[in-house]
There are 2 protein chains.
Amino acid sequence: MTKAFKVFDKTIREIQDIIVSVSIMGWDQRVNMPVKGAADRARQIGTISRLIHEKQTSQEMGQLLEDVEKEMESHDPDSYEAALIKKVRKQFDKKTKVPASLVADIAKSTSEANQQWIKARSESDFSIFEPILTKIIGLSKEYASCFAPYDHVYDVLLDDFEPGFKTIEVKRIFDELRKEQVELVQKISESPQVRDDFLYRTYDMQKQLEFGKHVIEKFGYDWSRGRQDEAPHPFQTTFGINDARITTRVDENFLNTAMFGTFHEAGHAIYELGVPKKLSGTPLGNGASNAFHESQSRLWENIVGRSYDFWVAFYPKLTDLFPEQLSDVDLDTFYKGINKVSPSLIRVEADEATYNLHIMLRMELEILLFEETLEVCDLPEIWNEKMREYLGVVPQGDDNGVLQDIHWSLGAFGYFPTYALGNVVSAQIWDMANNENPGLPDQIGKGEFDSLRAWLEDTLYTHGAKYEPVDLIKRVTGEAINTKPFINYLNEKFGRIYGL
Amino acid sequence: MTKAFKVFDKTIREIQDIIVSVSIMGWDQRVNMPVKGAADRARQIGTISRLIHEKQTSQEMGQLLEDVEKEMESHDPDSYEAALIKKVRKQFDKKTKVPASLVADIAKSTSEANQQWIKARSESDFSIFEPILTKIIGLSKEYASCFAPYDHVYDVLLDDFEPGFKTIEVKRIFDELRKEQVELVQKISESPQVRDDFLYRTYDMQKQLEFGKHVIEKFGYDWSRGRQDEAPHPFQTTFGINDARITTRVDENFLNTAMFGTFHEAGHAIYELGVPKKLSGTPLGNGASNAFHESQSRLWENIVGRSYDFWVAFYPKLTDLFPEQLSDVDLDTFYKGINKVSPSLIRVEADEATYNLHIMLRMELEILLFEETLEVCDLPEIWNEKMREYLGVVPQGDDNGVLQDIHWSLGAFGYFPTYALGNVVSAQIWDMANNENPGLPDQIGKGEFDSLRAWLEDTLYTHGAKYEPVDLIKRVTGEAINTKPFINYLNEKFGRIYGL
């Protein structure tokens, strides 16, 4: 390490420590904070976010970057040093385009918006959320305008969550998916239906949590390096290489919520905990992007957790915990039930075949909002129209419709597409893992996940966030993002379940 | 507000927000953090503490202070503005006198010392702790020397915890207390003893917590502005005017631990929540000092929570929760049991009559160490000698003796006296409250605390940390710190219980 790089590295790591303090405050805000603490917390997060922004965009940082870039040629392009310099340079260039006051406004408003969203959702009244949402969208437009000119205003937002991805590319991928998924859903709807009534019986909430904990421990989630709490909108968050936490929601009358939610968030955490120690404490020390993160959460939740093999291993444990509730449900019935395809109102409860349709709806609305062809006040109406069009169902209230997701309250426009991209990537990675480890399904059938996790660690997690998604997918799978593995996965799985 | 003051005020409030982020990280560290997260968290807290120190001692801060001091005469001496300027000036002068390298050395050594102390205590072996303790005392002397000349080296240390208090004054107060308390304890030991065996029966831990919550809710602790968690070493912490949290430890086989611990921490929190909103988010927006804080925790824990009137109101609830455990215990027996005087080894478990003797012992040893008339290696021996002299008991091992408290490992010399001063102040304030509200005991007998709390808010909490303790005690009670009310309180209470 040169002297210049040492100073640069130390500075970046100090900033990362401050970023973590905001993550801790955010976790506390969503998990523990007493309701009346909201205003102070919003201000505190605003203050520290502003401080981080100042440090990330300071003249000193610009100088440090120039110093280390002078020596760029001395670093292997795949080295930690080269990746860190590239990452910080991109961030610096992006952030120096945005005024500190706007960053603080966004932080403060979104913190307030989160409280308003909770209130609006609990009262199922979009009008409570509308004013602050309008404000946030305004601030996001202001943010995007800092990056003009662009091919599409939405490219700017997308780049924050999926660096390097373009709106036009995501639209193309979604067009491929939409055609295939709508067709599959149509065929399924014309087939004999499977039963899932038993999932809605009364399940003791503590036992639900116990089952989830049991499973993710087998996945390899380490309680000495993480914890699980309850939160109304589950999420995963990372405070260090040995502290990656998850949250879960439990529904006494729907078994899937806590169960698959826990597998999902554990998937995120396992990714974070698998990043090399050397990268931790820097902007390279996390998952590569939202889509890659989602590829891991969906892999553990769906490809593993909703597979027949998995339930061969774990159904006995579940029936031990809930002997009465599942007394009339054999393994085959259970497997089909948890995979029942049924167009529904709530994204997070959507099955694998319809899930991406929820995403497409949201992305289309976001694009309309940012293209300024849709007013915020018209959101509930157009939401309901598109739900009818894509899924054939219409929510009775805003709580089950336009207010169901937290994302907009956080100002996270451009985030939703990464969920669908994550599904696509998860199938690509799963195919690759299977090609290289043909014994995986058998191991899963025995409740063993060590070689899957080790393969993911060696192949994907080891890169942390060193590469942009478009590059990383090629390094991991040898090809660009490709919808075929996911489409094949859906068609095969549901073809078998529904006898298509 | 002048322009200069506005900038000053804004800067101070921003620093305060960053200080709160460290508090939140510290709370999480002690309440939630997975074990392996410790190293990262220590580094993160170190980074942000360093940042705070930089901001508090920067040239910019010096300039801001000079700017507002130019206008000092335009402010009422009792105004928020004058108090804030004075407070920050004192802090700035103190912090800028200490070299950054010494601050770093102290931080590093105390961090190491804390680990050594934990090891030494678990092995009950002072020699493990001795080398690093010697080092810390050396660093603390170096710290004190930054403030030479002084009347007494210990004055410097005391000032960090009880601003403005002098060693000579604390010694005088302790001499008065020692004489009276030793005499009282002697008389009690010669009287017929009361029973407290029932406190050590098996008490369901959830019900213990439930009782504590019930009581502090009646005290006025507002769950929408705070929360309670479990922690091995209970503490109170404040994240804002609407977020003052407490922690509690529960012992299944000792009723006092959670019960009085909860009342105690709630007392701290009620003080913090009673500070005026205008002061919050600044260094004036907390309790005035350690002794004043302790006066409030001890008031609610002891003067209220261990009073006969209190138990007239709450014993029925307690026996409802624990009908079997308390079946042979009437109100009178219970009241005497929780007030049993019994010289013991452990400070945190000491009764009201002996508690201050534990404190005196510690302060005397600290003063000897800093006067350089005591070697660190001789601490265990002199500890045990003084225990025999003051309390008539001698620990078998260092774990129950000289190693029992965390304070020295944190370098917190000068902290202990504030506990005893808090007891003294609590009685002065209680006398005043009673003089002005003769109905208080009757109200407490009905489980009503609103007028006590309102009086404390109007009389004490309203000042936040605007005044130094020596000034504040006069504003609240009209007189200087005075041991008589506390001595009278002890003599009356225990005179009645033990029929002296």
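One residue is enough: does the stretch B:208-217 have a residue meeting the conditions surrounded by fewer than 16 Cβ atoms within 10 Å (Cβ to Cβ), charged (D, E, K, R), within 14 Å of another protein chain (Cβ to nearest Cβ) and more than 28 Å from B:GLN428 (Cα to Cα)?
For the stretch B:208-217, residues surrounded by fewer than 16 Cβ atoms within 10 Å (Cβ to Cβ), charged (D, E, K, R), within 14 Å of another protein chain (Cβ to nearest Cβ) and more than 28 Å from B:GLN428 (Cα to Cα): absent.
Select, from B:GLU381, B:GLU385, B:GLU352, the only residue that is of a type in the set (Asp, Glu) and in contact (Cβ under 8 Å) with a residue 12 or more places away in the chain.
Working: B:GLU381 fails: in contact (Cβ under 8 Å) with a residue 12 or more places away in the chain; B:GLU385 fails: in contact (Cβ under 8 Å) with a residue 12 or more places away in the chain.
Exactly one of B:GLU381, B:GLU385, B:GLU352 is of a type in the set (Asp, Glu) and in contact (Cβ under 8 Å) with a residue 12 or more places away in the chain, namely B:GLU352.
Which of the residues that make up the stretch A:247-280 are in a loop (DSSP other than H, G, I, E, B), small (Gly, Ala, Ser) and buried (at least 21 other Cβ atoms within 10 Å of the Cβ)?
Step one: list which residues in the stretch A:247-280 are in a loop (DSSP other than H, G, I, E, B), which gives A:249-250, A:252-253, A:274-276, A:280.
The next check asks that each one be small (Gly, Ala, Ser); those that pass are A:274, A:280.
Scanning the stretch A:247-280 gives a single hit, A:GLY274.
Hey, can you tell me all the residues within the stretch B:177-196 that are open to solvent by 70 Å² or more (accessible area, probe 1.4 Å) and in a helix (DSSP H, G or I)? Reasoning before the result, please.
Kept after step one, since they are open to solvent by 70 Å² or more (accessible area, probe 1.4 Å), are these residues of the stretch B:177-196: B:179, B:183, B:186-187, B:189-190, B:192-193, B:195.
Within the stretch B:177-196, B:LYS179, B:GLU183, B:GLN186, B:LYS187, B:SER189 qualify.
Only one of these is of a type outside the set (Val, Ile, Thr) and within 26 Å of the chain's Cα centre (by Cα): A:MET25, A:MET72. Name it. Spell out how you get there, then give the answer.
Details: A:MET72 fails: within 26 Å of the chain's Cα centre (by Cα).
Checking each option against the conditions leaves just A:MET25.
Which of the numbered conditions does A:ARG225 fail, given that it passes all the others? Conditions: (1) within 14 Å of chain B (Cβ to nearest Cβ); (2) crowded, with 20+ Cβ neighbours inside 10 Å.
Answer for A:ARG225: the failing condition is (2).
Filtering the stretch B:458-471 down to residues that are in contact with a Pro (Cβ under 9 Å, 6 or more places away or on another chain) and assigned to a helix (DSSP H, G or I), which residue is surrounded by the fewest Cβ atoms within 10 Å (Cβ to Cβ)? Spell out how you get there, then give the answer.
Applying the first criterion (in contact with a Pro (Cβ under 9 Å, 6 or more places away or on another chain)) to the stretch B:458-471 yields B:461-465, B:468-470.
Within this subset, residues satisfying the condition of being assigned to a helix (DSSP H, G or I) are B:461-463, B:469-470.
Numbers: B:TYR461: 23, B:THR462: 14, B:HIS463: 21, B:PRO469: 22, B:VAL470: 16.
This residue is B:THR462.
For the stretch B:1-89, which helices (runs of 4 or more DSSP H) that fit wholly inside it have 3 or more residues that are within 14 Å of another protein chain (Cβ to nearest Cβ), buried (at least 16 other Cβ atoms within 10 Å of the Cβ) and without any contact (Cβ under 8 Å) to a residue 60 or more places away in the chain? Break it down into steps so the answer makes sense when it comes.
On the way: elements: B:3-31, B:38-56, B:59-70.
Answer list for the stretch B:1-89: B:3-31, B:38-56.
Take A:LYS474 and decide whether it is among the basic types (Lys, Arg), open to solvent by 20 Å² or more (accessible area, probe 1.4 Å) and in contact with a helix residue (DSSP H, G or I) (Cβ under 7 Å, 6 or more places away or on another chain).
no
If I filter the stretch B:227-247 for residues that are of a type in the set (Gly, Ala, Ser), under 27 Å from B:LEU284 (Cα atoms) and at pLDDT 95 or above, do I get at least one hit?
Initially, the stretch B:227-247 is screened for residues of a type in the set (Gly, Ala, Ser), giving B:231, B:240, B:244.
The next check asks that each one be under 27 Å from B:LEU284 (Cα atoms); those that pass are B:240, B:244.
So of that shortlist, the ones also at pLDDT 95 or above come out as B:240, B:244.
Yes, the stretch B:227-247 contains a residue that is of a type in the set (Gly, Ala, Ser), under 27 Å from B:LEU284 (Cα atoms) and at pLDDT 95 or above.
Considering only residues that are of a type in the set (Phe, Trp, Tyr) and without any contact (Cβ under 8 Å) to a residue 60 or more places away in the chain, look in the stretch A:182-239 and name the one that is farthest from A:GLN404 (Cα to Cα).
Across the stretch A:182-239, the extreme among qualifying residues is A:TRP223.
Conditions: (1) surrounded by fewer than 21 Cβ atoms within 10 Å (Cβ to Cβ); (2) touching a His at 6+ places or on another chain (Cβ under 7 Å); (3) part of a loop (DSSP other than H, G, I, E, B). B:PRO232 meets all but one. Number of the miss?
(2)
I want to confirm something. Restricting to the stretch A:240-250 and keeping residues that are more than 11 Å from every other protein chain (Cβ to nearest Cβ) and without any contact (Cβ under 8 Å) to a residue 40 or more places away in the chain, which single residue is farthest from the chain's Cα centre (by Cα)?
Filtering the stretch A:240-250 for residues more than 11 Å from every other protein chain (Cβ to nearest Cβ) gives A:246-250.
So of that shortlist, the ones also without any contact (Cβ under 8 Å) to a residue 40 or more places away in the chain come out as A:246, A:248-249.
Working: A:ILE246: 12, A:THR248: 14, A:ARG249: 16 Å.
Taking the candidates together, the pick is A:ARG249.
Conditions: (1) within 21 Å of the chain's Cα centre (by Cα); (2) surrounded by fewer than 16 Cβ atoms within 10 Å (Cβ to Cβ); (3) at pLDDT 95 or above. A:SER140 meets all but one. Number of the miss?
Only one criterion is unmet by A:SER140, namely (2).
Give the number of residues within the stretch A:326-339 that are out of contact with any helix residue (DSSP H, G or I) (no Cβ under 7 Å at 6 or more places or on another chain) and buried (at least 17 other Cβ atoms within 10 Å of the Cβ).
Residues flagged as out of contact with any helix residue (DSSP H, G or I) (no Cβ under 7 Å at 6 or more places or on another chain) and buried (at least 17 other Cβ atoms within 10 Å of the Cβ) within the stretch A:326-339 amount to 0.
Considering only residues that are within 25 Å of the chain's Cα centre (by Cα) and part of a helix (DSSP H, G or I), which ones fall in the stretch A:382-406?
Listed by number, the residues that qualify are A:ILE382, A:TRP383, A:ASN384, A:LYS386, A:MET387, A:TYR390, A:LEU391, A:ASP398, A:ASP399, A:ASN400.
For the stretch A:87-144, which residues satisfy the criterion of being over 22 Å from A:ALA42 (Cα atoms) and among the basic types (Lys, Arg)?
A:LYS87, A:ARG89, A:LYS90, A:LYS94, A:LYS97
Can you pull out every residue in the stretch B:157-179 that is aliphatic (A, V, I, L, M) and free of Cβ contacts under 8 Å to residues at least 24 places away in the same chain?
Hit for the stretch B:157-179 is B:ILE168, nothing else.
Yes or no: A:GLY240 open to solvent by less than 20 Å² (accessible area, probe 1.4 Å), under 22 Å from A:ILE346 (Cβ atoms) and touching a Ser or Thr at 6+ places or on another chain (Cβ under 9 Å)?
On the way: open to solvent by less than 20 Å² (accessible area, probe 1.4 Å): yes; under 22 Å from A:ILE346 (Cβ atoms): no; touching a Ser or Thr at 6+ places or on another chain (Cβ under 9 Å): yes.
No, not satisfied.
Could you please give the count of residues in the stretch B:414-452 that are in contact with a Phe, Trp or Tyr (Cβ under 7 Å, 6 or more places away or on another chain), in contact (Cβ under 8 Å) with a residue 40 or more places away in the chain and not aliphatic (A, V, I, L, M)?
Within the stretch B:414-452, residues that are in contact with a Phe, Trp or Tyr (Cβ under 7 Å, 6 or more places away or on another chain), in contact (Cβ under 8 Å) with a residue 40 or more places away in the chain and not aliphatic (A, V, I, L, M) number 6.
The rows are residues; the columns are (1) touching a Leu at 6+ places or on another chain (Cβ under 6 Å); (2) buried (at least 18 other Cβ atoms within 10 Å of the Cβ).
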site	(1), (2)
A:PHE413	yes, yes
A:THR418	no, yes
A:ASN423	no, yes
A:ILE429	no, yes
A:ALA433	no, yes
A:ASN437	no, no
A:ASP442	no, no
A:LYS446	no, no
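The values are calculated or read from the model by the stated rules, or taken from the named source; none is laboratory data. Owing to the predicted nature of the structure, the values given are computational and were not obtained by experimental measurement. Here Cβ is always computed from backbone atoms with ideal geometry, including for glycine, and neighbour counts include all displayed protein chains. The accessibility values were calculated without ligands, DNA or RNA, using every heavy atom of the protein model including side chains. Shrake-Rupley method; radii C 1.70, N 1.55, O 1.52, S 1.80 Å.
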